[in-house]
Amino acid sequence: MVGAYSAHVSWPLQTLKLDDQLAFAKVRIARDACGLKYRLGYDIGTRKVSSVKVSSASGGCEAPLMVAGGTVTGTDGAPRSLGSEPPLYTVKLAGGDSKTIGLAGLTW
């Protein structure tokens, strides 16, 4: 199984204790109930993605946003990264809230 995993990804395999898996599952369930939606903002003149609008249908939650390259503005805190994977940013949303995250340097 580890060999098949390593054939498809370049970041390290992590294992979690059962307590950590339960905590992770609770966060995932809350995030799924939040009803997250992502919408790209595209600048036709420069032919580049200029922003991502993240919105929550109901309930507050933290939305993950993974961006490979470019400059990101308007997120909550520093990105997390594991191995060679792209950085993972967190966008905190209240119920029914939305935030626009600025992006620069991403070509479509």
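The values are calculated or read from the model by the stated rules, or taken from the named source; none is laboratory data. Owing to the predicted nature of the structure, the values given are computational and were not obtained by experimental measurement. As a convention, Cβ positions derive from the backbone with ideal geometry for all residues, glycine included, and neighbour counts pool all protein chains shown. Side chains included, ligands, DNA and RNA excluded: accessible areas come from the protein's heavy atoms. Shrake-Rupley method; radii C 1.70, N 1.55, O 1.52, S 1.80 Å.
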(request) For every helix of n ≥ 4 consecutive DSSP H residues, a contribution of -39,500 (n - 2.57) applies; sum these over the chain, divide by its total residues, and give [θ] at 222 nm rounded to the nearest 500 deg cm²/dmol. (result) -6500 deg cm²/dmol
(message) Ignoring trypsin sites (Lys or Arg not before Pro) that are buried or in helix or strand per DSSP, and keeping those with at most 16 other beta carbon atoms within 10 Å, what is the longest stretch of the chain between them?
(response) 48-108
(message) How big is the chain along each principal axis, measuring the range of its Cα positions in Å and listing the largest first?
(response) 47, 34, 22
(message) Excluding same-chain pairs closer than 8 in sequence, count the lysine pairs in the chain whose Cα atoms lie under 22 Å apart.
(response) 10
(message) Taking the full set of protein chains and a 1.4 angstrom probe, give the accessible area of ASP76 in square angstrom, rounded to the nearest 10.
(response) 50
(message) Rounded to whole Å, give me the distance from the Cα center of the stretch 75-108 to that of the stretch 1-43.
(response) 15
(message) Given a 1.4 angstrom probe, what's the average accessible area per residue across the chain, in square angstrom?
(response) 69
(request) Please give the contour-minus-distance gain from LYS37 to LYS92: 0.36 nm per residue of separation, less the Cα-Cα distance, rounded to one decimal in nm. (result) 18.5 nm
(message) If every alpha-carbon in the stretch 1-51 counts as one equal scatterer, what log10 I(q)/I(0) does Debye give at q = 0.16, 0.17, 0.23 1/Å?
(response) -0.83, -0.84, -0.87
